Amino acid sequence: MASNVIEKIKNAGIVGAGGAGFPSHVKYNVEAEVVVVNGAECEPLIRVDQQLMIIAIDKLIRGLTIIVEETGAKEGIIAIKGKHKEAVELLQEAVADNEKLSVFILDDFYPAGDEQVTLYEATGREVPQGGLPIHVGAVVTNVETLINVAAAVDEGKPVTETYITVTGHVPHPVTVKVPVGISVREALALAGVTDAKGYGVIDGGPMMGGLVQDLDEPVKKAAKAYIVLPESHYLIRMRRKSMRAISKTTQSACIQCRYCTDLCPRYLLGHEIEPHRIMRALKYGEAAEDVLRMAFACCECGMCEQYSCPAHLMPRTVNAQVKRQLMAQGIKPLDKPDPQRVHPHRKDRRVPSSRIVRRIDLARYDVAAPLIEEEYHFDTVKIPLKQHVGAPSKPIVQVGDSVKRGDMIGEIPADALGAPVHASIDGTVTEITDSVIVIKAGGARR
Ligand code: SF4
Ligand code: SF4
């Protein structure tokens with residue numbers, strides 16, 4: 001039976017706030033030896049966790065302490081890049097007399113925040129291919145998630161807000177806390193964007209994030225950033241390419257230099273993933289299933305297609321497509337029973353974040369996005385029923401119901417993996433669809 005703490009985390013609808021959206025009550029309901037806080041925030045331009053680790057340091061430490069106790073872990077490690085000097089100093093001071101907690105300083109490379117990379121760097125533990133950190137006794141968790149844990153356990157507060165950075169080609173890059181369910185358009189307005197015509201918006205980091213298809217789509221709990229770039233920018237153009245164009249260029253332009261493989265962080269951790277071989281199989285029409293199945297080991301970090309490939313080919317997108325196709329055919333990942341070997345040159349092949357920023361033409365946007373602790377008010381929110389890994393939530397309100405911020409409005413369907421959703425403003429339920437619950441407040445003001 002789930003503990004009281006796990007029940008509170010579940011009822012608060014906490015999911016991995018780093019973008020993954022995995023339900024936290026499931027992730028934390030384990031026995032572990034170590035809990036690692038992933039404070040790497042390695043995607044360029046995102047400025048959330050590095051500022052939260054300063055302004056919400058007490059809640060972060062409290063959330064970590066709760067999860068260390070809950071999992072029975074012997075230690076909790078906060079992994080943070082050394083370049084965030086103020087946060088590092090405050091954290092080191094905060095854990096100085098704590099026997100269980102410590103701070104680990106990460107080098108500034110990409111993707112230091114890939115959870116398997118963070119774990120290896122901070123503890124030397126190697127997650128087996130196809131496995132999870134818990135298979136080597138570890139829980140790796142996000143900063144904002146732990147802050148939400150402290151609020152849920154100590155104050156009974158559900159997740160109704162999320163911190164996001166709005167940056168790129170915007171008048172005032174900013175980091176703000178917004179109610180879940182406002183539109184992306186409203187989020188952009190907080191950075192001074194009044195008209196996004198001629199621009200593309202990336203949801204998340206520039207290496208891994210996808211394009212926002214509709215600016216009226218709602219901001220979800222796990223949102224981390226919106227990056228506005230001109231349509232002519234390399235990162236937007238490549239995201240607009242069709243799969244047909246990607247396949248054609250793969251066939252015509254891959255020179256088999258294998259840079260994509262040699263710099264692949266999962267390959268360097270010893271996993272059986274060699275993107276150049278997947279590209280070759282597609283280039284020559286080889287239906288080599290064992291090669292294609294390597295795609296399952298791809299974490300889609302984007303290193304190969306946005307940094308490594310000299311021909312601007314897109315192995316990450318190809319891998320994602322191959323994975324979808326294999327899964328549709330019922331084909332599963334490769335079993336990898338043998339112990340993997342970390343590549344002897346792994347450390348030398350880690351790519352500094354500053355080099356990534358230059359390579360993907362973001363240097364001019366690599367600026368501060370100060371966190372403004374202001375309460376914003378919005379007229380309408382659309383609360384998505386699916387903001388997490390698992391089944392969509394089941395509405396438990398009706399059109400016409402009055403709701404208060406924090407009320408549960410959608411519950412986890414019976415026996416399903418999922419997370420409940422909550423009203424993020426006071427108001428009235430005006431519409432319920434298959435995908436959202438719409439709540440209207442009295443009127444927009446700020
Ligand atoms: S880096 Fe590009 S050109 Fe080189 S093998 Fe990989 S996909 Fe082909
Ligand atoms: S996206 Fe590319 S570099 Fe990253 S894990 Fe996948 S194959 Fe490797």
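The values are calculated or read from the model by the stated rules, or taken from the named source; none is laboratory data. Nothing here was measured: the structure is a model prediction, and the numbers come from that model. Here Cβ is always computed from backbone atoms with ideal geometry, including for glycine, and neighbour counts include all displayed protein chains.
General observations
- Among the residues here, M243 qualifies as touching a Ser or Thr at 6+ places or on another chain (Cβ under 8 Å), over 30 Å from R47 (Cα atoms) and away from ligand 1 (no atom under 14 Å from the Cβ).
- Residue match in segment 190-204 (condition: within 15 Å of the chain's Cα centre (by Cα) and assigned to a loop (DSSP other than H, G, I, E, B)): yes
- Within segment 262-302, tally of residues that are near ligand 2 (Cβ under 10 Å from one of its atoms) and free of Cβ contacts under 8 Å to residues at least 24 places away in the same chain: 1
- From the list P128, P133, the lone residue that is touching a residue at least 12 places away in the same chain (Cβ under 8 Å) and out of contact with any strand residue (DSSP E or B) (no Cβ under 6 Å at 6 or more places or on another chain) is P128.
- Breaking point among (1) outside the structural domain of L313 (by TED's automatic domain parsing); (2) within 16 Å of ligand 1 (Cβ to nearest atom); (3) of a type outside the set (G, A, S), for L229: (2)
- Subset of segment 258-272 (residues that are modelled with pLDDT under 95 and either over 28 Å from the mean Cα position of the chain (by Cα) or among the acidic types (D, E) (or both)): E272
- Of the residues making up segment 208-248, those that are β-branched (V, I, T), in contact (Cβ under 8 Å) with a residue 60 or more places away in the chain and away from ligand 2 (no atom under 16 Å from the Cβ) are I227, V228.
- Taking the numbered list (1) farther than 30 Å from G270 by Cα; (2) of a type outside the set (V, I, T); (3) modelled with pLDDT under 95 in turn, K85 passes all entries but (3).
- The set of residues in segment 127-160 that are among the hydrophobic types (A, V, I, L, M, F, W, C), under 25 Å from I437 (Cβ atoms) and surrounded by fewer than 23 Cβ atoms within 10 Å (Cβ to Cβ) contains only A151.
- Listed by first and then second residue, the pairs with beta-carbon distance under 7 Å, at least 6 apart or on different chains, first residue in segment 94-114 and in contact (Cβ under 8 Å) with a residue 40 or more places away in the chain and more than 16 Å from ligand 2 (Cβ to nearest atom), second charged (D, E, K, R) and part of a strand (DSSP E or B), are L106/K81; D108/K81.
- Taken residue by residue, segment 26-41 has at least one member that is touching a residue at least 40 places away in the same chain (Cβ under 8 Å) and under 21 Å from V176 (Cβ atoms).
- Identity of the residue in segment 277-303, more than 20 Å from G130 (Cα to Cα) and within 15 Å of ligand 1 (Cβ to nearest atom), that ends up surrounded by the fewest Cβ atoms within 10 Å (Cβ to Cβ): Y284
- Of all residues making up segment 29-67, the number that are in a loop (DSSP other than H, G, I, E, B) and within 29 Å of N4 (Cα to Cα): 6
- Considering the conditions (1) β-branched (V, I, T); (2) more than 16 Å from ligand 1 (Cβ to nearest atom); (3) modelled with pLDDT under 85, I331 is excluded by exactly one of them, (3).
- Members of segment 390-404 found to be surrounded by 13 or more Cβ atoms within 10 Å (Cβ to Cβ) and without any contact (Cβ under 8 Å) to a residue 40 or more places away in the chain, listed by number: A391, S393, K394, I396, D401, V403
- Considering D379, D407, the condition of being free of Cβ contacts under 8 Å to residues at least 60 places away in the same chain and more than 24 Å from the chain's Cα centre (by Cα) is satisfied by D407 alone.
- Count of segment 262-276 residues, restricted to those that are farther than 20 Å from G210 by Cβ, within 14 Å of ligand 1 (Cβ to nearest atom) and buried (at least 21 other Cβ atoms within 10 Å of the Cβ), is 4.
- Verdict on V88 being free of Cβ contacts under 8 Å to residues at least 24 places away in the same chain and in contact with a strand residue (DSSP E or B) (Cβ under 7 Å, 6 or more places away or on another chain): yes
- Residue tally, condition among the aliphatic types (A, V, I, L, M) and closer than 13 Å to S24 by Cα, over segment 67-76: 1
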